[in-house]
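Worksheet: one structure, shown below.
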Amino acid sequence: MGFPLDFFPVLFAVPRVVGWLAHWRQMMLQEGGVKIWRPRQIYVGAGKRDYVPVDKRVAVEGPKLTPSKVFHSGITKRKNLASFTGKVAARL
């Protein structure tokens, strides 16, 4: 459209602000006042912890406590389907 790059933040923010204001207005006009938008999140973990350097940290074992490896070939699903050459059997 030919806009200068300096306009990008403004062109990105203005439509969002309009959406936020429309949402706020809709919430304010509801019967019974303003409803809760999001549940409150309260941190219940340790308040302060000592810093442990990365090379001195101990891995935590157990279910869902360590990150699992995710295989990603770099090929999107769409490209993978487009390059599929096998025969698909109809299942009814």
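The values are calculated or read from the model by the stated rules, or taken from the named source; none is laboratory data. Since the model is a prediction, treat every value here as computed from it, not as a measurement. These accessible areas exclude ligands, DNA and RNA; they are computed on the full protein's heavy atoms, side chains included. Shrake-Rupley method; radii C 1.70, N 1.55, O 1.52, S 1.80 Å.
Within region 33-57, the set of residues being of a type in the set (A, V, I, L, M), modelled with pLDDT of 85 or more and open to solvent by 100 Å² or more (accessible area, probe 1.4 Å) comprises just one member, VAL54.
Quick check: anything in region 77-92 part of a loop (DSSP other than H, G, I, E, B), of a type in the set (S, T, N, Q) and modelled with pLDDT under 70? No, because not a single residue in region 77-92 is part of a loop (DSSP other than H, G, I, E, B), of a type in the set (S, T, N, Q) and modelled with pLDDT under 70. Scanning region 58-73 for residues that are of a type in the set (Gly, Ala, Ser) and modelled with pLDDT under 70 yields GLY62, SER68.
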